[in-house]
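In what follows, a structure is listed as structure tokens, so that the remarks can point back to it.
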Amino acid sequence: MKLTSKIIIAGLMATSFACKDGYIDDINQVPAGPDEASPSVLINFPEEGPLTWVPQEVMSINIDFEVTDDVEIQDISVTLDGENIGNYSDFKDYRRTAVKLPYDNITNGEHTLIVTANDLSGKTTTSTVVFTKPEFYVPQYEGEIFYMPFDDEYLELVSVSDATMVGDPGFAGESASGSNAYAGATDSYLTFPTTDLTNDEFSASLWYKVDAAPDRAGILVMGPPDTANPDSQNNRTAGFRLFREAAGSNQRIKLNVGNGAGDNWFDGGSAADINPNNNEWVHIAFTISGTECAVYINGTVVRQGTYPGISWEGCDILSIGSGAPRFTGWGHLSDNSYIDELRIFNRALSQSEIQTIMDDEQP
């Protein structure tokens, strides 16, 4: 017999002796013990309060809940607004079960969800959640006056108004947060009236995935007409211009703000550069108070400074995804980049508030 075979046989014998000598415990059934506690019911979704607003009159949700018991769950029932929508009595784990129940008929208004669990000894636990499907979008942050999530439509949710399309913009098929995002195209952008947007203080927050072509573009612009140069407009005495320009292989984010008599620049230099080759979503925000402006990238201040105060004279349209039509004199035309979760506020946000929005919107 070869030495290798002898070693294998010896190993098997040693294993057998070890099992007999009790080195590996036998599997024994553990008694359930007395049934002392009632079942526990935890509803994870929906939560109390309003659901995220959607423009459709009817929406679908996945009801998500967990039930646990110290001995054994007997059965579970689910009702919505008094109607039974689910019953469960067969469980892989008789002490704990997690359920996701699809339901596709949530209408506008208030709804009451009740999950009832019974255990084998007859103890019952009921958990109730009262939630609403809002008829209109409910702003999520103090001072939020404009919100476009770009979820397959160009609808502004606070005013429930559609933006005007110029050219043929599209959707990205991906999103920084949500289901879709704005995708720019050549000679294409969106416009929106500035009614209720031109306040003493102003902030904007958005996610941005830059496309380096073209090498410069407007991102968000509210400016006055330039009657002296109607085909190459560049009147910077009012409003603001958020745009990008090539800085070597990077794209540099810049902000220009009109103060009535002239304009002020907030250029963060290399700190405001985005590398298009990273192919990643970047959060951009800027704030305008009565005395100061600041630009943020991924929650970090890249440029901050004082100025005399903004003028909104003649600023009647907001351009999204282009400098056109009010900021074209230096070639800042349509942007082929992606934009998502655009919010505008009637106040100057703090750095911590911008960070909160970023944290909330990240998947």
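A few points about this structure:
- 3 or more residues more than 20 Å from Q251 (Cβ to Cβ): qualifying strands (runs of 3 or more DSSP E) within segment 173-226: 189-193
- Within segment 318-363, if we keep just the residues that are in a helix (DSSP H, G or I) and touching a strand residue (DSSP E or B) at 6+ places or on another chain (Cβ under 6 Å), the residue that is surrounded by the fewest Cβ atoms within 10 Å (Cβ to Cβ) turns out to be M358.
- Unique match (being open to solvent by less than 50 Å² (accessible area, probe 1.4 Å) and not acidic (D, E)) among Q251, Q304: Q251
- Search result, residues across segment 288-333 that are under 29 Å from the mean Cα position of the chain (by Cα) and of a type in the set (S, T, Y): S289, Y296, T300, S319, S322
- Which listed residue, of A238, A285, is over 29 Å from the mean Cα position of the chain (by Cα), buried (at least 19 other Cβ atoms within 10 Å of the Cβ) and of a type in the set (G, A, S): A238
- Residues of segment 167-216 classified as more than 22 Å from the chain's Cα centre (by Cα), open to solvent by less than 60 Å² (accessible area, probe 1.4 Å) and farther than 30 Å from S289 by Cβ, total: 6
- Tally of residues being out of contact with any Gly (no Cβ under 9 Å at 6 or more places or on another chain) and farther than 28 Å from L349 by Cα across segment 127-145: 3
- Answer residue from segment 154-166, given it is assigned to a strand (DSSP E or B) and open to solvent by less than 20 Å² (accessible area, probe 1.4 Å) and is farthest from E353 (Cα to Cα) among those: L155
- Filter result (touching a Gly at 6+ places or on another chain (Cβ under 7 Å), over 15 Å from F243 (Cβ atoms) and either aromatic (F, W, Y) or not in a loop (DSSP other than H, G, I, E, B) (or both)) within segment 266-291: H283
- C315 outside any loop (DSSP other than H, G, I, E, B) and more than 20 Å from P169 (Cβ to Cβ): no
- Restricting segment 168-199 to residues that are out of contact with any strand residue (DSSP E or B) (no Cβ under 9 Å at 6 or more places or on another chain) and at pLDDT 95 or above, the residue that is nearest to N279 (Cα to Cα) is T186.
- The set of residues from segment 288-300 being within 24 Å of S175 (Cα to Cα), without any contact (Cβ under 8 Å) to a residue 60 or more places away in the chain and surrounded by fewer than 18 Cβ atoms within 10 Å (Cβ to Cβ) comprises G299, T300.
- Scope segment 108-123; condition surrounded by 12 or more Cβ atoms within 10 Å (Cβ to Cβ) and either farther than 20 Å from E66 by Cα or not acidic (D, E) (or both); matching residues: N108, H111, T112, L113, I114, V115, T116, A117, N118, L120, S121, K123
- Residues located in segment 42-65, provided they are open to solvent by less than 50 Å² (accessible area, probe 1.4 Å), modelled with pLDDT of 95 or more and in a strand (DSSP E or B): I43, M59, I61, I63, D64, F65
- Residue list for segment 91-104, restricted to those being loosely packed, with under 12 Cβ neighbours inside 10 Å and not acidic (D, E): K92, K100, P102
The values are calculated or read from the model by the stated rules, or taken from the named source; none is laboratory data. Keep in mind that this is a model prediction, so the values were computed, not measured. Here the Cβ is made from the backbone with ideal geometry for all residues, glycine too, and neighbour counts use every protein chain on show. For accessibility, only protein heavy atoms count, side chains too; no ligands or nucleic acids. Shrake-Rupley method; radii C 1.70, N 1.55, O 1.52, S 1.80 Å.
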